[in-house]
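Comments concern the structure below.
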There are 2 protein chains.
Amino acid sequence: MNREFYKLKTAVIKAIANPTRLMIIDCLREGEKTVSEIIEIIEDEQSNVSKNLGILKSQGLIKDRKAGLNVYYTLKICCINEFFCCLDNIISEKFKHQQNLINTLSNN
Amino acid sequence: MNREFYKLKTAVIKAIANPTRLMIIDCLREGEKTVSEIIEIIEDEQSNVSKNLGILKSQGLIKDRKAGLNVYYTLKICCINEFFCCLDNIISEKFKHQQNLINTLSNN
DNA sequence: AAACTATATGACTATATTGGAATATTATCA
DNA sequence: TGATAATATTCCAATATAGTCATATAGTTT
């Protein structure tokens, strides 16, 4: 097992392992957006959004296009839908499991 | 946008955003394994492997089964293959891009 | 050129995550 | 019961990451 390769993969995954960046990705799924538009949608600080866009870009997850004062960002990951679908399954499984625990406890 | 929901998702993603845990997941893709087997394959500290197994389990990504002194772990995520396939694409794109940059620079 | 607008960057503090060493727990076996 | 084996847990120092505030940059408009 090559630890270096796993670190590379980890860097990419870490880029999506953050609520702000997940929100950015989600709002880019609708299509290209400027930084201002993203800020308005996710209701966050300008500097924070900008910084997190930089992190996503540095990992090759989004790309940008400058036009005058604006910078337009787009998703570069085609497989993102499958991934989030998988994620939703995991989360609903988790909830189901917790709900079962709660039910079991309240029956005793 | 519901920040709490994004935090939940983030917790799951964070669970795979670590080299040791990625290695664990990869070696569980071959099938059920005991902790000792995992330790031997990924060549890591016992306490570290055990701890990271706990993190993966707490996020519903793996499950365990006790048998005598041993604990067997299995993957619970069916969609893991698609995800890693996607990840590999992103990484190879990144490398391609960096290679292009290097080529461009060395041609000047 | 000065004022303005959109975005990026830097410095900073708070918080989270990391892996290792030591120790605890639990089951098995003699 | 005492020794041993497999796994989990706790404590800790080092490092990484988060977001905020202030400032910088770069393009636009007047």
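Tabulated data
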| quantity | calculated |
| --- | --- |
| Region A:3-77: C-alpha gyration tensor shape, a/c 1.5 cut-off, then a/b vs b/c | prolate |
| At R0 = 30 Å, FRET efficiency that the Cβ-Cβ distance of A:Glu32 and B:Asn89 yields, to 0.05 | 0.90 |
| Listed residue (A:Asn100, A:Thr74, A:Gln59) projecting farthest to the positive dipole end of chain A, Cβ model | A:Gln59 |
| Debye, to nearest 20: dipole size of the protein assembly as shown, +1 on Lys, Arg Cβ, -1 on Asp, Glu Cβ | 140 |
| The protein assembly as shown: C-alpha gyration tensor shape, a/c 1.5 cut-off, then a/b vs b/c | oblate |
| Nm distances between copies for B:Phe95, ranked from closest, using label points 7 Å along Cα→Cβ | 3.9 |
| Extended-chain gain in nm, criterion 0.36 nm per residue less alpha-carbon gap, A:His97 and A:Ala11 | 27.9 nm |
| Inter-copy separations for A:Lys57, label at 7 Å along Cα-Cβ, nm, ascending | 4.3 |
| At 7 Å out from Cα toward Cβ: A:Cys78 inter-copy label distances (nm, ascending) | 2.4 |
| Whole-number percent relative contact order across chain B, with pairs defined as alpha carbons under 8 Å at least 6 apart | 22 |
| Reach of B:Lys33 by Cα under 20 Å, taken over lysines that are not fewer than 8 positions away in the same chain | B:Lys51, B:Lys57, B:Lys63, B:Lys66, B:Lys76 |
| Cysteines in the protein assembly as shown lacking a second Cys C-beta under 4.7 Å | A:Cys27, A:Cys78, A:Cys85, B:Cys27, B:Cys78, B:Cys85 |
| ³J(HN,Hα) computed for each position of region B:35-47 - Karplus, 6.51 cos²θ - 1.76 cosθ + 1.60, integer Hz, glycine/proline x | 4, 4, 4, 4, 4, 5, 5, 8, 6, 9, 5, 4, 5 |
| Restricting region A:4-37 to GluC sites (Glu not before Pro) in coil, as DSSP defines it, with at most 12 other Cβ within 10 Å | A:Glu30 |
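Coordinate-derived values only; no laboratory data. Keep in mind that what you see is a predicted model, and the values were worked out from it rather than measured. Cβ: placed from backbone, ideal geometry, glycine included. Neighbour counts: every protein chain shown.
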